[in-house]
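The values are calculated or read from the model by the stated rules, or taken from the named source; none is laboratory data. It should be emphasised that the depicted structure is a prediction, and the values quoted were computed from it without experimental measurement. Virtual Cβ from ideal backbone geometry, glycine too; neighbours counted across all protein chains shown.
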Amino acid sequence: MRTLIIAEHDGQHLNEQVARAVTAAQQWQQPVDILVAAAQPDTLAAQAAAIQGVSNVLVASDAALQHPTAEHLAEIIVPLAANYTVVLAAHSAFSKNVLPRVAALLDVNMISDVLQIVSANTYVRGIYAGNVLATVQSSDSKQVLTVRGSKFAAAAKDGAAAEIKSVATPAAPAGSRWVTEAFNKSKRPPLAAAKVVVSGGRALGSAEAFAEVLAPLADKLHAAIGASRAAVDAGYAPNDLQVGQTGVVVAPELYIAVGISGAIQHAYGMKDSKVVVAINQDPEAQIFKIADYGLVADLFEAVPQLTAAL
Ligand SMILES: Cc1cc2nc3c(=O)[nH]c(=O)nc-3n(C[C@H](O)[C@H](O)[C@H](O)COP(=O)(O)OP(=O)(O)OC[C@H]3O[C@@H](n4cnc5c(N)ncnc54)[C@H](O)[C@@H]3O)c2cc1C
């Protein structure tokens, strides 16, 4: 049997995490195919075909896939799943939306945010905001799962081109439709893929402080900006910058936590970072337990000094 990866993309580029999902998929030692569902899939299909370890790229093409809904994607994936024992995607807002619906329609379990694939049906995943690692086993004939991209190296993108095949694309179901979406346009690297992340917490106190204190440091380091949930809830930073259990999971080379306490729900989203630097005025703050380097200081003094020194 085979493994099917559902590709996430923005219409022009495959998401970086797809190549990581391909590495995860190699654990089953069976052919790996990628589904690209898009309004204009040609470029995307070529990118998928170049990923090493991919046998076939299945292309579903339909104008409605310019803005795909979970309902439409599920209608495409479920019939294809007959040929696959494993359907997987990298863990993200996209896959969290689509794959539980696919699993429900296939009447199998959804296994989310897998950190390690122990065997063909046994996985390690975090529970209690990542504080406990549970080993779970599925007895389903089909495995539907999302994998934590940062736990798997990206497959090389210089593979011999895989075969590209068109598949039947059912029309979008009538029950739901895309209405609108809003993006925060930024020159910074995308948070989930950035090599350096500078994150701010409630201690910043305002959106202006994010712009005036945090942004210059991020600019110097070519970093993405992140935020704690408390900072997002207070309106200091937009929702898509939230790092943590209910936000984005990041694993950069360098994570600088500024005025963040280090609550477990925040740590869940950043503790795989290679080097963690914390700036907090409370020496007892939880963040210092996960930081490689800690600076006990007032952020409003320390951050401008650090920025000036860089
Ligand atoms: C179900 C659930 C899901 C959640 N998901 C998330 C999530 O995804 N992401 C997330 O971040 N949180 C999440 N939370 C919230 C989490 O529990 C914390 O409340 C939140 O992370 C706290 O944010 P904070 O560290 O910015 O604020 P605080 O806890 O208020 O910490 C502020 C820190 O700043 C320090 N400080 C204050 N002034 C200064 C100064 N001038 N200079 C330096 N340091 C200073 C303080 O010592 C303190 O440590 C979730 C909670 C729940 C219940």
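Structural remarks
- In segment 1-44, the residues that are farther than 12 Å from L58 by Cβ, surrounded by fewer than 24 Cβ atoms within 10 Å (Cβ to Cβ), modelled with pLDDT of 95 or more and touching an Asp or Glu at 6+ places or on another chain (Cβ under 8 Å): L14, A39
- Subset of segment 141-163 [of a type in the set (A, V, I, L, M) and either more than 16 Å from I51 (Cα to Cα) or not assigned by TED's automatic domain parsing to the domain that holds V114 (or both)]: V144, L145, V147
- Residue within segment 167-186 that is closer than 29 Å to S112 by Cβ, of a type in the set (F, W, Y) and more than 19 Å from the chain's Cα centre (by Cα) present: yes
- Of the residues in segment 149-168, at least one is surrounded by 14 or more Cβ atoms within 10 Å (Cβ to Cβ) and basic (K, R).
- Subset of segment 277-310 [surrounded by 15 or more Cβ atoms within 10 Å (Cβ to Cβ) and in a strand (DSSP E or B)]: V277, A278, I279, N280, G294, L295
- Within segment 77-90, the residues that satisfy the criterion of being touching a residue at least 60 places away in the same chain (Cβ under 8 Å), surrounded by fewer than 23 Cβ atoms within 10 Å (Cβ to Cβ) and outside any strand (DSSP E or B) are P79, L80, A81, N83.
- Filtering segment 124-131 for residues that are hydroxyl-bearing (S, T, Y), surrounded by fewer than 13 Cβ atoms within 10 Å (Cβ to Cβ) and either touching a helix residue (DSSP H, G or I) at 6+ places or on another chain (Cβ under 7 Å) or within 22 Å of P79 (Cα to Cα) (or both) leaves an empty set.
- Yes/no for V250 being over 17 Å from the mean Cα position of the chain (by Cα), within 12 Å of the ligand (Cβ to nearest atom) and under 27 Å from Q281 (Cβ atoms): no
- Residue pairs whose Cβ atoms lie under 8 Å apart, sitting 6 or more positions apart in sequence or on different chains, and linking a residue in segment 225-236 that is hydroxyl-bearing (S, T, Y) to a partner that is near the ligand (Cβ under 7 Å from one of its atoms) and not in a helix (DSSP H, G or I), are S228/G201; S228/Q242; S228/V243; S228/G244; S228/I260; S228/S261; S228/A263.
- Residues within segment 188-229 that are buried (at least 20 other Cβ atoms within 10 Å of the Cβ), in a loop (DSSP other than H, G, I, E, B) and within 13 Å of the ligand (Cβ to nearest atom), tallied: 2
- Among residues of segment 255-272 that are free of Cβ contacts under 8 Å to residues at least 60 places away in the same chain, those with a beta-carbon under 8 Å from a residue that is more than 9 Å from the ligand (Cβ to nearest atom) and in a helix (DSSP H, G or I) at least six positions away or on a different chain give the pairs G262/F288; G262/K289; G262/I290.
- Output for segment 249-265, where each listed residue is closer than 14 Å to G130 by Cα and either surrounded by 21 or more Cβ atoms within 10 Å (Cβ to Cβ) or of a type outside the set (A, V, I, L, M) (or both): V249, V250, G262, Q265
- Residue satisfying condition, being within 13 Å of the ligand (Cβ to nearest atom), at negative phi, more than 20 Å from the chain's Cα centre (by Cα) and not assigned by TED's automatic domain parsing to the domain that holds Q17, within set I256, I279, I264: I279
- For segment 102-142, the tally of residues that are of a type in the set (S, T, N, Q), closer than 22 Å to V22 by Cβ and away from the ligand (no atom under 16 Å from the Cβ) stands at 5.
- Screening segment 296-310 for residues that are free of Cβ contacts under 8 Å to residues at least 60 places away in the same chain and within 9 Å of the ligand (Cβ to nearest atom) and picking the one that is farthest from S206 (Cα to Cα) gives V296.
- The set of residues from segment 273-295 being of a type in the set (K, R) and either in contact (Cβ under 8 Å) with a residue 40 or more places away in the chain or closer than 19 Å to A194 by Cα (or both) comprises just one member, K274.
- Qualifying residue in segment 139-146 (condition: in contact with a helix residue (DSSP H, G or I) (Cβ under 8 Å, 6 or more places away or on another chain) and more than 15 Å from H91 (Cβ to Cβ)): yes
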